[in-house]
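Here's the structure we're looking at; comments come further down.
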Amino acid sequence: MEGFLRGKCIPGDLKVNETNAEYLVRKFDEVSAEARNEGINYAASRLAAAFNHGFLDKPVSEVLDVTRMILSAKEDLANNPLPTDDGLSGEYAEKSIEEWANQLRKGGAA
């Protein structure tokens, strides 16, 4: 990549008639998708580990459903990679965590 950026070589995966800018956008999109998938895998793995080590008091069927739902996000995002307003940016989860913490501070159900 460094040689390409310095104009010293041409990458082997450069498509015919693809400009340098188009190539870079495509490569950065690929890296972004890989990183997103790793994050999804990590979240699903942490949920499974929490359940397997006794930190979740839920039936295995519920944990299985949620784990599958998390992993299905990879396919959903591959089909529609643009972020939506339904919480995929993490803002929804952050807001929920704040609300739950406030409930717990006020003596709400745990």
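The values are calculated or read from the model by the stated rules, or taken from the named source; none is laboratory data. It should be emphasised that the depicted structure is a prediction, and the values quoted were computed from it without experimental measurement. Backbone-built Cβ (ideal geometry, glycine too); neighbour counts: all protein chains shown.
Observations on the structure shown:
- Residue in the stretch 59-66 that is assigned to a loop (DSSP other than H, G, I, E, B), loosely packed, with under 13 Cβ neighbours inside 10 Å and either at pLDDT below 90 or at negative phi (or both) present: yes
- Pair list, Cβ < 7 Å and 6+ apart or interchain, from the stretch 9-36 residues that are over 30 Å from L71 (Cβ atoms) to residues that are modelled with pLDDT of 90 or more and among the polar types (S, T, N, Q): none
Matching residues to (1) hydrophobic (A, V, I, L, M, F, W, C); (2) over 24 Å from N80 (Cα atoms):
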site: G7; (1), (2): no, yes
site: P11; (1), (2): no, yes
site: A35; (1), (2): yes, no
site: A49; (1), (2): yes, yes
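- When L24, L47, L14 are checked against the criterion of being over 13 Å from the mean Cα position of the chain (by Cα), surrounded by 13 or more Cβ atoms within 10 Å (Cβ to Cβ) and part of a loop (DSSP other than H, G, I, E, B), L14 stands alone in meeting it.
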